[in-house]
Amino acid sequence: MKENYLFTSESVSSGHPDKLADQISDAILDEFLRQDRESKVACETFITDGLVLVGGEVHSTAYVDIKQTIKGVLNNVGYTPNFCFDPDNFGLISTIHEQSPDIRQGVDNEEESEQGAGDQGIMFGYACNETSVFMPVPIVLSHVTMQVMDDLRHRYYSECAINPSSNIGPDAKCQYTVEYDGYSRKPLKIKTILISTQHNDYMTQDMVRDYAVENVIPEVKMRCPSLNYLFDTDYDLLVNPTGQFIIGGPKGDTGLTGRKIIVDTYGGSCPHGGGAFSGKDPSKVDRSAAYMARYIAKNIVASGLANEATVQLSYAIGKAEPLSVYVNTNGTGKYDDATLANAVREVVDLRPAAIIRRFGLKNPIYLPTATYGHFGREPFIENGIKFFGWEEIDKNFKEKIKLAIETNDDVDITSWFRNEYRKGTITKDVMERGIALVEELDLEFDDDFGFR
């Protein structure tokens, strides 16, 4: 019998320095796209005590007031001089310059559908059936906890010191360690919750802990009713384990765009290609193809084709078609992984222009993605613009995949044996003999009636 195991993921608040940098980069990107949908943007932000440095490459007809955009982000997050950063008094260095024509020639094409990838790279998408949003439990609870802390702080921001939320600063992070069943790989219980949060000097550490116990955790449970069972057993709660956390934000730690890529994605539950998202327009497949990889993985799981799916896409700069499509269902798939990957390639248009068009990625939709993860979010429409379109579920996805697979009987015949072997329901010898017999007798496979 397999032993139970622990898995941990973390998230950070909107006021964490690295997330401030991500939000500034995406806010600048949105401003360019709002004025010029064809803008090409690669914007990086460095933020430290009283100073913001913005750099990158841009090709656009738009003009963006960089300082006002940054100020808007800082005010929305809730930074004040009392919490170590003054939105009205900071230095700015901007080194944004024109995008290289050598790069731009790779994405400019007379025929839009053949637009090439803005760079080479590998991108991963992931989904599982642990939660209703098809994301792993640890990262979901971590994100919700950070949302709760930000929401409570904003809700009571203008109230007096009697309300503890008005004494909590913008900079925070949390971490959930969850115990899983070694055989079923299902979450069993929460082992440890770690919360570190900035606060003012009014609050003692006992008060900060009480705030987490009495305000934060109950709100998290209320927002995640289907996961309340995980809180039923005793768990360790660590709150500001090093002691007071008064000096926070960019004064305590320098922030940089793209330094929270695991928080942005799946909390470490699958590989990461290494490319960050924030500040990049959708011609950069680091971003757009990662969104498509998530869309594919989520629809594989949501349609019942697998309980878990990891998808990898790879591209070459200037080329429209991906170099490779990889699917791994970790032995839970209805079809062989290679068969499924081939079907995905037939069913889904993976060219950058098609991805951009499908999800409306030339719209100014990116600032909301810069906090609480890019995935596992609820799609919504605001002012006629769709946000988080890559999280939508195609109800016909399973039928499309099945139809694509049925066009290649030679692959489908052997896929059942390979998949059953991976699941552990048959031995390797049975698999090999079964495949040999199928090929010898030229049998066909029917999903409903088996071999015929």
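Points worth noting:
- The chain, relative contact order [Cα under 8 Å, separation at least 6], %: 22
- Placing R0 at 30 angstrom, the Cβ-Cβ distance between Glu439 and Leu403 gives a FRET efficiency of 0.80 after rounding to 0.05.
- Take Phe277: with every protein chain present and a 1.4 Å probe, its accessible area is about 10 Å².
- Using alpha carbons only: equivalent-ellipsoid semi-axes of the chain, gyration tensor based, whole Å: 42, 31, 15
- Rounded to the nearest 20 debye, dipole of the chain from Cβ charges on Lys, Arg, Asp, Glu: 680
- For the stretch 255-302, the equivalent ellipsoid built from the Cα gyration tensor has semi-axes of 19, 14, 7 Å, listed from largest to smallest.
- The equivalent ellipsoid of the stretch 200-322 has semi-axes of 37, 24, 11 Å, largest first, where each one is the square root of 5 times an eigenvalue of the Cα gyration tensor.
- Lys/Arg +1, Asp/Glu -1 at C-beta; the chain dipole; positive extreme among Ile401, Gln147, Val239: Val239
- Modelled this way, with points 7 Å down the Cα-to-C-beta line, the labels at Gln205 and Ile247 are 1.8 nm from one another.
- Using Cβ point charges alone (K and R +1, D and E -1), the dipole size of the stretch 242-366 about the Cα centre works out to roughly 440 debye.
- For the stretch 65-84 and the stretch 314-389, distance of Cα centres in Å: 32
- Around the amide H of Asn240, modelled in the peptide plane, lie the amide H atoms of Ile195, Ser196, Thr197, all under 5 Å away and 5 or more residues distant in sequence or on another chain.
- Leading residue at positive end of dipole, the chain (Cβ point charges), from Leu313, His16, Ser132: His16
- Per residue, the solvent-accessible area of the stretch 32-96 (1.4 Å probe, heavy atoms of protein chains only, all protein chains present) comes to 47 Å².
- Reciprocal mean inverse distance between Cα atoms of the stretch 200-266 - Kirkwood radius, Å: 14.9
- Label-point separation, Ser324 to Asp349 (7 Å along Cα→Cβ), nm: 2.6
- Potential lengthening between Lys362 and Ala62 on full extension [0.36 nm per residue; Cα-Cα distance subtracted]: 106.6 nm
- Per atom type, the chain shows carbon and sulfur on 48% of its accessible surface, probed at 1.4 Å.
- Accessible surface area normalised per residue over the stretch 199-281 is 49 Å², counting heavy atoms of protein chains with a 1.4 Å rolling probe.
- Calculated [θ] (222 nm, deg cm²/dmol) that DSSP helices of n ≥ 4 give over the chain, each run adding -39,500 (n - 2.57): -10000 deg cm²/dmol
- Subtracting the Cα-Cα distance of Arg34 and Asp49 from their residue separation scaled by 0.36 nm leaves 2.4 nm.
- Taking only the C-alpha atoms of the stretch 139-245, the Rg (one decimal) and the largest Cα-Cα distance, Dmax (whole number), read 14.4, 51 Å.
- Label-to-label distance for Ile381 and Arg223 is 2.6 nm, based on points extended 7 Å past Cα in the beta-carbon direction.
- Over the stretch 165-221 - Rg/Rh using Cα atoms and the Kirkwood inverse-distance radius: 1.11
- The Cα atoms of the stretch 25-103 cover 45, 21, 14 Å along the three principal axes, with the biggest extent listed first.
The values are calculated or read from the model by the stated rules, or taken from the named source; none is laboratory data. Small disclaimer: the values here were computed from a predicted structure and weren't measured. So basically every Cβ, Gly included, is an ideal-geometry build from the backbone, and we count neighbours across all protein chains shown. Each accessible area value is taken on the protein alone, full model and side chains, heavy atoms only, with ligands, DNA and RNA left out. Shrake-Rupley method; radii C 1.70, N 1.55, O 1.52, S 1.80 Å.
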